[in-house]
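Read through the structure below, which is laid out as structure tokens, and then see the notes.
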Amino acid sequence: MLRAASLRVTAPRLAVLTAVHHQPHADTDTIISRVRDTLGTVSQQAVYDVLRALTTAGLLRRIQPMGTVARYETRVGDNHHHLVCRSCGVIVDIDCAVGDAPCLTAPDDRGFVIDEAEVIYWGLCPDCSSSRSLS
């Protein structure tokens, strides 16, 4: 994947890709912790630099639902969306609402070439919803 994106294969890049692959929607602190578990000593700035490079290369997607920290995922290129729990903050993927990315067809694109639409559904996850109904 790295070579196909014209990036050098380095231990930090591999460690970051692996960390995000194993924990989709991980925040930066979680990724740094997992990378340090794998590599030992690595600077916070090095991980930030790798995240930026991998996102720019299209190997990672950065999402930041309103009121939350940035999170990263390896599911890229399919214009999927997210469900976010208002209570516990869990984030899960959800495919585009209808058919083949209909949300990319804006009623008025104002001259933009649209390549991505970000839709975030907010609510309560099953665990939080059932715990509220028990109280």
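Take peptides 111-122, 51-62 and line them up by average Cβ neighbours within 10 Å, highest first, as a rough protection proxy. Write down the numbers at each step before the final one.
Working: 111-122: 10.7, 51-62: 17.3.
Ranked from most to least packed, the peptides come out as 51-62, 111-122.
Run through the DSSP bridge list for the range 43-129 and note the antiparallel percent, rounded to the nearest 5.
Percentage antiparallel, nearest 5: 65.
Can you give me the solvent accessible area of T105 with a 1.4 Å probe, rounded to the nearest 10 Å²?
110 Å²
According to the Kirkwood expression over distinct Cα-Cα pairs, how big is the hydrodynamic radius of the chain, in Å? Don't skip to the end; give the middle numbers.
Values: mean 1/r = 0.0600 Å⁻¹.
Kirkwood radius, the chain: 16.7 Å.
I'd like the accessible area for R71: 1.4 Å probe, protein heavy atoms, all chains in place, Å² to the nearest 10.
Here the accessible area works out near 50 Å².
Compactness ratio of the range 38-102: Cα Rg over 2.2 N^0.38 Å, N = residue count?
Values: Rg = 14.4 Å, N = 65, 2.2 N^0.38 = 10.7 Å.
This ratio for the range 38-102 stands at 1.34.
Ignoring ligands, DNA and RNA, what accessible area per residue does the chain give at 1.4 Å, in Å²? Can you show the working numbers first?
Working: 8610 Å² over 135 residues.
Counting only protein heavy atoms, the per-residue value for the chain is 64 Å².
How much of the accessible area of the range 6-110, probe 1.4 Å, is carbon plus sulfur, in whole percent?
Numbers: 3060 of 6060 Å².
That fraction is 50 percent.
The values are calculated or read from the model by the stated rules, or taken from the named source; none is laboratory data. This is a predicted model, so every value here is computed, not measured. Neighbour counts run over all protein chains shown; Cβ positions are idealised from the backbone, glycine included. All accessible areas refer to the heavy atoms of the entire protein, side chains included, with ligands and DNA or RNA removed. Shrake-Rupley method; radii C 1.70, N 1.55, O 1.52, S 1.80 Å.
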